[in-house]
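First up is the structure itself, then whatever we jot down about it.
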Amino acid sequence: MAPRPQAIHRQRAVRLAAASIVLTALGGLGLSRLTAAPQPDPLGEKTGGETTVFATGRNAFSFPAANLSDAERTRFVIGNSFFRRNWVEAPASTKARDGLGPHFIARSCGGCHVQDGRGAPPEIFNRLGETRDPTVALLIRLSIPGTDAHGGPRHEPTYGDQFNNAAIQGVKPEGRVTLRYDTVKGRFADGTPYTLQKPVYGFADLGYGPLHPQVMTSPRIAPQIIGVGLLEAIAEADILANAADQAAAPGPIKGAPNQVWDAPAGRMMTGRFGWKANVATIAHQTGGAFLGDMGITSRHFAREACTPAQKDCLAAPSGQSGKDGVEIDDKTLADVVFYQATLAPPARRNTNDAQVLRGQALFAQAQCATCHRPSYVTQDGPFPQLTSQALSGQRIWPYTDLLLHDMGERLADGRPDFGANGRQWKTPPLWGTGLIKDVNGHTRLLHDGRARGVLEAILWHGGEAEEAKDQVLRMKKADRDALVKFVESL
């Protein structure tokens, strides 16, 4: 059974208070620019500052920030309800949760982000790449060459901007995603062999005819969502400084921010969410996912995602009985945004373990910390009414620079996304990596879940990260194990 986070939090209060004093003292010494230290770093244990919960096990990603007020905890619970419970087809007896579809992937946010955690690719059961379960947590983005009015991807004309494999009664599903793996073999410098699995995607049973001949696809797995409110509260100046620092430094690592359209803000902003930093705010991400993944309309995403070729989709009943004339009203959507924004990152584990400390030193030595920047101090998010002031002013340890990097041809999807080209991916935060197995029962990593653990994820790195990967290939097994154990402590 998972420890009760609040009880453990109180037990550790004295020790953490002392750490806070040290943190304050170091603040004036430019701690925000620290990289992974080769020496013991107890401050990194409190991953989300005072928001941190000390939790492991199945529910480790599902606790509210530890420093929320009682009223905010009540709002968190309300948002949690609408995040996890299934939406239903319209017309329905319930008017609070109807409007599912016409096309959709999942019936709830929690259908992809199970336990607020990470999705995994579906299991394959035959040589045709057919899967036992629909690709619920693996989203396939679609587009064709060109851009939309805001500089984003131009939608595939028949199927739209994503492939939905489920539909309500009377509407055809768009089809099925097929998946198989090709084997990629290699060896470490010490002769130890390794095997990677390269996914090959396809489509079957297309409901509305063939895809556009120039269609571009991009598979993306649902990530864990702990700490997204803290990431939103990182100052834009810090993200831009990451890019400036990397541009000025020697070496191949040259990250770039993405500039994307944000519907709630009504302007272009620096992207920080999504696998290509193609979303700027939790509000946009949530409204877009409600529409794209469940077919639920909202204020800024008010039209059902049916294309002109999908006549049955256009004729399907709508659940637009909400107060704002859409299927999820402003207050409910705001509560769901608040829920996600205040999900707490769990504390690091084993911070004084000798193998973890060795791995932390190797992490810095291999230049991993250049992109996976350890720490920031948060400011205020873009929409104060959708988050908590308790997230501001926190020393956090997400291990990301929130920048786009060329990751090489082997990871390329060939599909631009605003300023991101087909070889670029955003540096994902690493906090919580070691708890994915506890929460979701797997260790699948990278944008499409192809890596079966931390070491495989590193071995897929290329492009700007080729040199860092080569250093790992030259490591002895004991050092590789230490590096993995450090990342899994985060």
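The values are calculated or read from the model by the stated rules, or taken from the named source; none is laboratory data. Only a predicted model underlies this, so the values are computations on that prediction, with no experimental measurement involved. As a convention, Cβ positions derive from the backbone with ideal geometry for all residues, glycine included, and neighbour counts pool all protein chains shown. For accessibility, only protein heavy atoms count, side chains too; no ligands or nucleic acids. Shrake-Rupley method; radii C 1.70, N 1.55, O 1.52, S 1.80 Å.
Classification of the stretch 222-274 by its C-alpha gyration tensor yields a prolate form. The axis ratio a/c (a ≥ b ≥ c) is 1.5 or more, and a/b outweighs b/c. Split the accessible area of the stretch 49-488 by element, probe 1.4 Å, and carbon with sulfur accounts for 52%.
All distinct Cα pairs of the chain go into the 1/r average, and the inverse of that average, the Kirkwood radius, is 23.1 Å.
Surface analysis of the stretch 49-488 yields an accessible area of 39 Å² per residue, using protein heavy atoms and a 1.4 Å probe. Accessible area ranking (1.4 Å probe, heavy atoms, ligands and nucleic acids excluded), largest first, for 464, 174, 123, 89: 123, 89, 464, 174. Would you tally the net charge around residue 311, using a Cβ to Cβ cut-off of less than 15 Å, leaving residue 311 out, and scoring K and R as +1, D and E as -1? Cβ neighbours under 15 Å give a net charge of -2. Give the shape of the stretch 174-333 as rounded, prolate or oblate, defined through the alpha-carbon gyration tensor: a ≥ b ≥ c are the square roots of its eigenvalues, a/c under 1.5 means rounded, and otherwise the shape is prolate if a/b is larger than b/c and oblate if not. Note, shape of the stretch 174-333 comes out oblate. Database remark: amide H of residue 143 closer than 5 angstrom to the amide H of 156, 216 (H placed geometrically; neighbours at sequence offset of 5 or more, or on other chains; Pro and chain starts carry no H). Working note: 222 nm ellipticity from helices only, DSSP H runs with n ≥ 4, each -39,500 (n - 2.57), summed and divided by the residues of the chain, gives -8000 deg cm²/dmol to the nearest 500. For 375, 93, 318, the ranking by accessible surface with the largest value first comes to 93, 318, 375, using a 1.4 Å probe.
Dipole of the chain computed with +1 at Lys/Arg Cβ and -1 at Asp/Glu Cβ about the Cα centre; of 441, 49, 120, farthest Cα towards the positive end is 441.
On the beta carbon distance between residue 78 and residue 365, with R0 = 56 Å, the FRET formula returns roughly 0.75. When Rg and Dmax are taken over the Cα atoms of the stretch 355-458, they come to 15.9, 43 Å. Under 12 Å from a label point set 7 Å out along the Cα-to-Cβ vector of residue 124, the amide N atoms of the stretch 176-204 belong to 178-184, 197-202. Relative contact order of the stretch 49-488: 22 percent, from C-alpha pairs under 8 Å at least 6 residues apart in sequence. In the assembled protein chains, residue 326 presents an accessible area of approximately 10 Å² (probe radius 1.4 Å). For the pair residue 410 and residue 189, how long in nm is the line joining their label points, each one 7 Å along Cα→Cβ? Taking the simple label geometry, residue 410 and residue 189 are separated by 1.7 nm.
Rounded to the nearest 20, the Cβ-based charge dipole of the stretch 155-302 about its Cα centre (Lys and Arg +1, Asp and Glu -1) stands at 320 debye.
Maximal additional length on extending the residue 197-residue 268 stretch stands at 21.8 nm, based on 0.36 nm per residue less the C-alpha distance. Applying Stokes-Einstein at 4 °C and 1.567 mPa s to the Kirkwood radius of the stretch 257-362, computed over alpha-carbon pairs, gives a translational diffusion coefficient of 78 µm² s⁻¹.
Accessible area of residue 475 (1.4 Å probe, protein heavy atoms only, ligands and nucleic acids ignored): about 20 Å². Exceedance of the 24 Å cut-off in Cα-Cα distance is limited, within the set 185/476; 331/437; 254/276; 172/276; 185/469, to 331/437; 172/276. The modelled label-to-label distance between residue 471 and residue 442, using points 7 Å beyond Cα along the C-beta direction, is 3.1 nm. Summing Cβ point charges (Lys, Arg +1; Asp, Glu -1) relative to the Cα centre of the chain gives a dipole of roughly 1060 debye. Computed from backbone phi, the HN-Hα couplings of the stretch 431-440 come to 4, x, 4, x, 9, 4, 5, 4, 7, 10 Hz, rounded to whole numbers (Karplus: 6.51 cos²θ - 1.76 cosθ + 1.60, θ = phi - 60°; Gly and Pro given as x). On full extension, the segment bounded by residue 303 and residue 237 gains 20.3 nm, given 0.36 nm per residue less the C-alpha separation.
Here residue 425 sits with roughly 20 square angstrom of accessible surface, probe radius 1.4 Å.
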